[in-house]
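Derivation of every value follows stated rules applied to the coordinates shown; laboratory data play no part. Everything numeric in this text was worked out from a predicted model, so none of it was measured. Here the Cβ positions follow ideal geometry from the backbone for every residue, glycine too, while neighbour counts run over all protein chains shown.
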Amino acid sequence: MAKGKVIIEQNSCKGCGLCVHVCPKDVLEMNTNKINQKGYSPSEPVRPEDCIACGNCAIMCPDSCITVIRE
């Protein structure tokens, strides 16, 4: 199975949560303890070791602030 790395531009994320819902491996979660420059709680990879580089999160992100790198 492929491995990947998710990079989220924290200050561009508007906290919609779409990426969290489409991740098949539950790699991402909303960080309710952090507020970005726009005033939103961004998502972040909390289980990066489980990423399979499917790219669903990057495809679903309406603001294109997610990059997935296949390792």
Inset, instruction - Excluding residues on the same chain fewer than 8 positions from K14, give the aspartates and glutamates whose Cα lies under 15 Å from its Cα. - result: E29, E44, D63
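Tell me the Kirkwood hydrodynamic radius of the chain in angstroms, computed as one over the mean inverse distance between distinct C-alpha pairs. Can you show the working numbers first?
Working: mean 1/r = 0.0845 Å⁻¹.
After inverting the mean inverse Cα-Cα distance, the result is 11.8 Å.
To the nearest 20 Debye, how big is the dipole of the chain about its Cα centre, given +1 on the beta carbon of each Lys and Arg and -1 on that of each Asp and Glu?
On the way: 8 positive and 8 negative charges, 16 e Å.
I would put it at about 80 debye.
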